[in-house]
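Chemist: Please see the structure below; I have some questions.
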Amino acid sequence: MTRFDHRVAIITGAGNGIGRATARMFVTEGATVVGVDTDEAALGAVRAELGPAFESFPADVADDAPEHDYVSACVARHGRIDVAFLNAGILGPSAPMDDYPLAAFDAVMGVNVRGVWLGTTRAMRAMRAQSTGGVITITSSTGGLRGSGGMGAYITSKHAVVGLMKAAAIEGGPFGIRVNAVHPGPTDTAVWTSAAPSKREESDSTGVGLPQLYRVADPAEIAAVVGFLSSDEAAFCTGASYPVDGGLLAGPPYRHPRSAH
Ligand SMILES: NC(=O)c1ccc[n+]([C@@H]2O[C@H](COP(=O)([O-])OP(=O)(O)OC[C@H]3O[C@@H](n4cnc5c(N)ncnc54)[C@H](O)[C@@H]3O)[C@@H](O)[C@H]2O)c1
């Protein structure tokens, strides 16, 4: 008997990075996972790794057309949805806000906010119809709890989903629907690689610096917290933010005289 036996979990952005690591965790612990992504090849690779407990659903989370409604498809196929991990996100280009292309702002907000809105509202509708409720976890970022320069659209989007999460937790509570946000710090995925500072000095002076543990996270370390929040052990956790950031939000780094860092 494992934590997620007989449970059905949806993961958006399941083809890569944090979503893929979370799919691995859920399948290992007994769940059936419906993995959503625009990257069909990546979904195929996850299916090849995890087997039939991982079902691919190619879709754009920002698209409200019925063929992209992965929640209805999941309920039609499995009769229920226990867990939704709304994780798909994009970083967008790096530019000062007063130079930021409006089309890029719209694209970032489309995936990171509209996509999470659509996923949350679809999941809440389905979960409310079940007597057992459900759990929704949203991937924000440390950039959802503090600002940084050069990525204004991303910062805006990741703060927005914190408000979305709180509103959904309040409305979902009476129906046994728990809603939380995880806030990863720099994590070893494509998003991090594209934003990573090239050297320590740059790391100190930008909002995407290394955390106090002086390393980036393994995606499995984010998945572990999503697993906790999605499990019965977290039965009293809702409406809250959970940083998984190696101490990044604790404060600026300290150059300890006896540390090699
Ligand atoms: N990696 C980090 O350092 C880091 C830090 C904080 C927060 N995050 C957040 O974690 C989440 C996952 O990021 P990751 O690092 O695993 O990135 P990733 O690029 O490795 O994976 C993201 C996945 O989302 C998919 N995706 C993008 N747009 C989509 C859309 N419109 N519809 C469906 N799927 C779409 C991509 O195809 C990709 O497979 C994102 O929300 C990101 O903002 C990442």
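Chemist: At 7 Å along the Cα-to-beta-carbon direction for both residue 6 and residue 260, put a label point, then send me their distance in nm to one decimal.
Modeler: 5.0
Chemist: What are the chymotrypsin sites (Phe, Trp or Tyr not before Pro) within segment 210-251 that DSSP puts in a loop, where the Cβ has at most 11 other Cβ atoms within 10 Å?
Modeler: Values: sites: 214, 228, 236; in loops: 214, 236.
For chymotrypsin sites (Phe, Trp or Tyr not before Pro) across segment 210-251 that sit outside H, G, I, E and B with at most 11 neighbouring Cβ atoms in 10 Å, the list reads 236.
Chemist: Turning to a different aspect of this structure: Can you work out ³J(HN,Hα) from phi for every residue in segment 4-21, in order, using Karplus 6.51 cos²θ - 1.76 cosθ + 1.60 and θ = phi - 60°, giving whole Hz and x for Gly and Pro?
Modeler: Each residue's phi maps through the Karplus curve to give 10, 3, 6, 9, 10, 10, 9, 10, 9, x, 6, x, 9, x, 5, x, 5, 5 Hz.
Chemist: Suppose R0 equals 41 Å. What FRET efficiency, 1/(1 + (r/R0)^6) with r the Cβ-Cβ distance, do residue 94 and residue 65 give to the nearest 0.05?
Modeler: After rounding, the FRET efficiency stands at 0.85.
Chemist: Report residue 117's accessible area, 1.4 Å probe, all protein chains in place, as a number in Å² to the nearest 10.
Modeler: Taking all protein chains as shown, residue 117 has close to 150 Å².
Chemist: Based solely on its DSSP helices, what 222 nm [θ] is calculated for the chain when runs of n ≥ 4 H residues each add -39,500 (n - 2.57) and the sum is averaged over all residues, nearest 500 deg cm²/dmol?
Modeler: It lands at -11500 deg cm²/dmol.
Chemist: If you take the C-alpha gyration tensor of the chain, multiply each eigenvalue by 5 and take the square root, what semi-axes do you get, largest first, in whole Å?
Modeler: Listed largest to smallest, the semi-axes of the chain are 30, 20, 18 Å.
Chemist: Considering amide H positions built from the backbone, and no H for Pro or chain starts, which residues 5 or more places from residue 239, or on another chain, come under 5 Å of its amide H?
Modeler: Amide H to amide H, under 5 Å and 5 or more residues apart or across chains, residue 239 pairs with 179, 180.
The values are calculated or read from the model by the stated rules, or taken from the named source; none is laboratory data. Being a predicted model, the structure only gives us computed values, none of them experimental. Cβ: placed from backbone, ideal geometry, glycine included. Neighbour counts: every protein chain shown. In case anyone asks, the SASA skips ligands and DNA or RNA and just uses the protein heavy atoms, side chains included. Shrake-Rupley method; radii C 1.70, N 1.55, O 1.52, S 1.80 Å.
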